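Following: one structure in structure tokens, then a few remarks.
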Amino acid sequence: MFSKSFGEIIKSFREQKNLPLRVVAKEVGIDTSTLGKIEKNERNPSEDLIRKFSIYFKIDEKNLLIASKSDNVAYKLMEDDNAIEILKAAEEKVKYITKNKNEES
């Protein structure tokens, strides 16, 4: 699931159910053009909108959040020659900071 972008995931679920953009957009409370931009990865969804998509399509919210947030990271790093190394370093930092934060609590 995480190799696809958030927009590709939403578009795939919408197309599997043969739903037009306008129907899904209305159900989640956005306009059709916004949904089109989300599906084309031209716009990032809010966490509230992610929740609405998860309810509407019966998709695990955590997986959608991960897909959306990982898109943000990937798009920021994709032009960098050191992208993989940066991600590995960030993973180590997250582990280190989380461990220290938990020890302080």
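Any read-out appearing in this document is the output of simple, stated calculations on the displayed coordinates, not a laboratory observation. Since the structure is predicted, the reported quantities are computational estimates derived from the model, not experimental observations. Glycine also receives a Cβ, built like all others from the backbone with ideal geometry; neighbour counts cover every protein chain displayed.
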Report task. Report the dimensions of the stretch 37-86 along its three principal axes from the alpha-carbon atoms, largest first, rounded to Å. Result -> 39, 21, 14
Query raised in the report: What's the exposure ranking of 64, 77, going from fewest to most Cβ atoms within 10 Å?
Result: 77, 64
Query raised in the report: Which value, in Å³ per residue, describes the convex hull spanned by the Cα atoms of the chain?
Result: 114
Query raised in the report: Given the pairs 62/95; 37/93; 26/88; 37/101; 52/88, which span a C-alpha to C-alpha distance of over 28 angstrom in this model?
Result: 37/93; 26/88; 37/101; 52/88
